[in-house]
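Please treat every number below as a calculation from the coordinates, not as lab data. Bear in mind the structure is a predicted one, so any value in this text is a computation, not a measurement. Positions of Cβ are backbone-derived with ideal geometry, glycine not excepted, and every protein chain shown enters the neighbour counts.
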Amino acid sequence: MKECDYLWVISPITRAVDDKTAKCLLGDSFKMQLKLDGATSKVTFICSKTDDISVTEAVEVLGIDKEPIWQKSHDVMEELHSLNQTMRGLSSQMDALNQSVKDADEKIRSWRRRLNDLKKGRKTVFTPPQPTKKRKRANGGSGRRVKKSGHNYSDSVSTSGDEDKNASDSNQRTEEQAQEENEPLPLTRKDIEKKLKDFNIEKKEDLQKAKKLTGVKGDAESQRSQRQKESDNLEALITANCVKKRNDYSRQAIKLDYAMGIREWVLLVSRS
């Protein structure tokens, strides 16, 4: 050992500090040989894995959470979170507008077919079929009739006047009732052209909204990209600061542990 110019002790930095490598890892025989050869000043401790660090734990232990850079990083992260929420909302709005444009296109195609049928000489065309909706029965949805006990002829027998009134009512079906029951209605050319005009206006408005929303979404994406870069840069600076501060702390701690280890061994030997 005395022929060595230098003695290197290599250990991961976490072990070197937490496990007292400089004080406890070196055995008594090694310390004795160092003392006898006068090589105590030749020892160099090399710490590896200095970049292996938990930033969330280090910032609090090393006091970095009280520095301005940490607060700035926190503010940027909050802004980035808000921008991400904004982007999700804009994406949902864009999806809804795109779907609305698709629906308008489908309606326009459907009603144009009816207009073409009229132009080709078809006498009557009808409204497109609508999705059916089940109507609940007035008696609560049950299809079974309840038979009443006794004979109440005022309920079971109707007068001829009532029959005539019911027949008249059944024949007077309004357009609204027909639409409610999803019955197709005859259409005139004027009806179809009005519908096509309405659908084209609706589609045009949705396209204008989508164009405007695309610009807003692009601006938000640009801001988010800038904040993400800023956040990454701050995170790299904070990590580098944590590594540096831990290295500075470890350097002093290892020196102290090494000196205390040699001192304790000398005292132990002098007492024996």
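If R0 is 25 Å, what FRET efficiency do you get for Leu185 and Glu205 from their C-beta distance, rounded to 0.05? Please list the in-between numbers first.
Details: r = 26 Å, r/R0 = 1.05.
My answer for the efficiency is 0.40.
Potential lengthening of the chain between Arg88 and Asp198 amounts to 36.5 nm, from the contour at 0.36 nm per residue minus the alpha-carbon distance.
In this structure, the pairs whose alpha-carbon distance is over 28 Å, taken from Lys102/Lys197; Lys72/Lys212; Lys120/Lys209; Lys123/Lys194; Lys42/Lys66, are Lys72/Lys212; Lys120/Lys209; Lys42/Lys66. If only the Cβ of Lys and Arg carry +1 and only the Cβ of Asp and Glu carry -1, the dipole of the stretch 192-241 around its Cα centre is close to 380 debye. When the P(r) of the stretch 206-272 is calculated, the portion above 21 Å amounts to 64% of the C-alpha pairs.
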